[in-house]
Amino acid sequence: MTTYSLLILPGDGIGPEVMAEVRKVIGWFEQNRGLSFDVSEDLVGGAAYDKHGVPLSDATMARAQSVDAVLLGAVGGPKYDNLDFSVKPERGLLRLRKEMDLFANLRPAQCFDALADFSSLKRDVVAGLDILIVRELTSGVYFGEPRGIHADDNNPENEGGRVGINTQRYTSGEIRRVARAAFELARKRGNRVCSMEKANVMESGILWREEVQWVHDNEYPDVELSHMYADNGAMQLVRNPRQFDVIVTDNLFGDLLSDAAAMLTGSLGMLPSASLGAPMANGRPKAMYEPVHGSAPDITGQGKANPIACILSFAMALRYSYDLGAEADRLERAVEKVLADGVRTADLMGPQGGTPVSTSEMGDKIVAALAEV
Ligand code: NAD
Ligand code: IPM
Ligand code: MN
């Protein structure tokens, strides 16, 4: 029997709370579908800093490199806000992404029909929404050099005397590989890609547009490609989000646009993601799965967190790392059923109100629904 290895990194804040619900889901698949998972758990973010003085130990990094898939909860929180930049919780997450070379971050935004009235936009704008943002994840301004905060000694007119620097840098190779990921995914969906940059003001944006076009013309002429300035893209996402199928964009624009897309679906607590790298020896991509949301310090420890983003991230692991597409579909159907039944965590309470269920109750309902869908 195949055993699927999974490293769970719950992290901080609501991370451990939502991860406990994924554990129930994994247990269900083991007991009822004959699947075998080799699950291990380790520390990341503030939790790792508290124990090891670093947000990701070398030993944890090595474990992440050796498993079929990593599932991460969330990192960060006010307790760690004043730490030195190099040991902030977020650095642990960025190290995982960079050293595993997870260059393609898939952030699907789907509006479940049962939630169409909870979106901040009108039902007729979001009903049936199904878009996929492919965010470049290992380069751009997040990692470009030079970077830092320096004394601005030669500039007496600079009040305060300091300068903060980050560099937006993309190579053609980095753009081409994430563009290929987007075109491949588009072929399995609506066959349309919209690439977003700011080629009107940034040289890296001009290169982005040219290289995406090159990959299209030479390798994917059958896929429909359009280009859009990212600011217009933000506006179009709110104006008429269903015009998009796959959006491919850089690291920073992808971060912003995917948070905006999250709200179209009803709540940030709904959005999963998959961060994929190059294929490993077994042909599956190196991969980490993480909800799009953060550690939500404002609701930590209150049983209010919506576990669906993390549970749907596990569904993406079933699909992309374990080749268990039918089981992924089953888990997504279970989530859809529970929502259709009117089960809601507090973040999904509309203006009409109602009684929300707790994080744990939502997990239990989804597990119960797995047997019925
Ligand atoms: P956040 O995503 O943690 O929270 C934003 C808002 O959404 C909050 O009101 C929160 O209560 C709500 N929310 C988020 N997830 C929810 C869920 N599952 N259920 C219900 N409500 C949910 O963003 P933030 O407040 O800007 O950041 C808090 C910390 O998280 C920071 O330290 C930040 O760096 C970190 N962060 C981590 C990740 C990650 O680990 N991938 C992502 C984003 C932010
Ligand atoms: C995300 C987060 C991260 C990012 C932070 C926590 C490093 O916002 O995953 O969207 O900026 O990429
Ligand atoms: Mn983000």
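Nothing in this text is a laboratory measurement; each read-out follows from the coordinates by a stated rule. All values derive from a computational prediction rather than experimental measurement. Cβ sites come from the backbone with ideal geometry, for glycine too, and all protein chains shown count toward neighbours.
Net charge within 11 Å of residue 80 by Cβ-Cβ distance, Lys/Arg positive one each and Asp/Glu negative one each, not counting residue 80 itself?
On the way: positive: 79, 88, 91; negative: 12, 50, 81, 84, 90.
Charge balance near residue 80 sits at -2.
The chain: longest stretch without exposed GluC sites (Glu not before Pro) (DSSP loop, at most 13 other Cβ within 10 Å), sites themselves excluded? Don't skip to the end; give the middle numbers.
Values: sites that count: 157, 159, 372.
Answer - 160-371.
Could I have the simple spin-label model distance between residue 298 and residue 66, label points 7 Å from Cα toward Cβ, reported in nm to one decimal?
Result: 4.1 nm between the two label points.
Give me the net charge for the shell around residue 201: Cβ to Cβ below 15 angstrom, other residues only, Lys and Arg +1, Asp and Glu -1.
Charge balance near residue 201 sits at -2.
Is the shape of the stretch 278-345 rounded, prolate or oblate, going by the alpha carbon gyration tensor and its root eigenvalues a ≥ b ≥ c, with a/c under 1.5 for rounded and a/b larger than b/c for prolate?
oblate
Using a Gaussian network model of the chain whose springs link C-alpha atoms within less than 10 Å, name the residue from 360, 139, 120 with the highest mean-square fluctuation.
120
Once you've got the GNM for the chain with C-alpha springs shorter than 10 Å, pick whichever of 16, 55, 279 has the biggest mean-square fluctuation.
Among 16, 55, 279, the largest GNM mean-square fluctuation belongs to 279.
Determine, for 227, 293, 150, the number of other Cβ atoms within 10 Å of each Cβ, and report the residues in order from fewest to most.
150, 227, 293
Cross-link partners among lysines for residue 88, C-alpha distance below 25 Å, same-chain residues fewer than 8 apart left out?
The reachable lysines, counting only those whose Cα sits under 25 Å from residue 88, are 51, 79, 98, 286.
Take the alpha carbon atoms of the chain, find their radius of gyration, then divide it by 2.2 N^0.38 Å using N residues; give the quotient. If you can, show how the numbers build up before the last one.
Numbers: Rg = 20.7 Å, N = 373, 2.2 N^0.38 = 20.9 Å.
Expressed relative to 2.2 N^0.38 Å, the Cα Rg reads 0.99.
Between 153, 245, 222, find the one with the highest GNM mean-square fluctuation for the chain; connect C-alpha pairs within less than 10 Å.
Between 153, 245, 222, it is 153 that shows the largest mean-square fluctuation.
Which value, in debye to the nearest 20, gives the size of the charge dipole of the chain about its Cα centre, when Lys and Arg are +1 and Asp and Glu are -1 at the Cβ?
560
Output the antiparallel fraction of DSSP beta bridges having both residues in the chain, as a percent to the nearest 5.
Details: 19 of 46 bridges.
Once the DSSP bridges in the chain are tallied, antiparallel ones form about 40 percent.
Given only helices, namely DSSP H runs of n ≥ 4 each adding -39500 (n - 2.57), what is the per-residue ellipticity at 222 nm of the chain, to the nearest 500 deg cm²/dmol?
About -12500 deg cm²/dmol.
Which value in nm describes the separation of the simple spin-label points at residue 281 and residue 1, placed 7 Å from the Cα toward the beta carbon?
Those two pseudo-labels are separated by 2.4 nm.
Can you put 300, 138 in order, fewest other beta carbons within 10 Å first?
Neighbour counts put them in this order, fewest first: 300, 138.
Determine ³J(HN,Hα), in whole Hz, for all residues of the stretch 167-180 in sequence, where each value follows from phi through the Karplus function 6.51 cos²θ - 1.76 cosθ + 1.60 and θ = phi - 60°; x replaces Gly and Pro.
These are the phi-based 3J(HN,Hα) values: 10, 8, 9, 9, 8, 4, x, 5, 5, 4, 5, 6, 4, 4 Hz.
Compute the distance in nm between two label points, each set 7 Å from the Cα along the Cα-to-Cβ direction, one at residue 200 and one at residue 219.
Spacing of the two 7 Å Cα→Cβ label points: 3.0 nm.
Please report the net charge: other residues with Cβ closer than 10 Å to the Cβ of residue 8, K and R +1, D and E -1.
-1
Taking 1 over the mean of 1/r across every pair of different Cα atoms in the stretch 130-261, what Kirkwood radius in Å do you get?
This gives a value of 15.7 Å.
Contour minus end-to-end for residue 360 and residue 84, with contour as 0.36 nm per residue of separation and end-to-end as the Cα-Cα distance?
Extra length available between residue 360 and residue 84 comes to 95.9 nm.
Scan around residue 195 for amide H atoms under 5 Å from its own, H built in the peptide plane at 1.01 Å from N, and keep only partners 5 or more places away or cross-chain.
So residue 195 has HN proximity to 226, 227, 228, 248.
Of 55, 283, 143, which is farthest towards the positive pole of the chain's charge dipole, taken about the Cα centre with +1 and -1 on the beta-carbons of Lys, Arg and Asp, Glu respectively?
Toward the positive end, the furthest listed residue is 283.
Which ³J(HN,Hα) values in Hz, rounded to whole numbers, follow from the phi angles of the stretch 322-332 under the Karplus curve 6.51 cos²θ - 1.76 cosθ + 1.60, where θ = phi - 60° and Gly and Pro get x?
Each residue's phi maps through the Karplus curve to give 10, 6, 10, x, 5, 6, 4, 4, 4, 5, 5 Hz.
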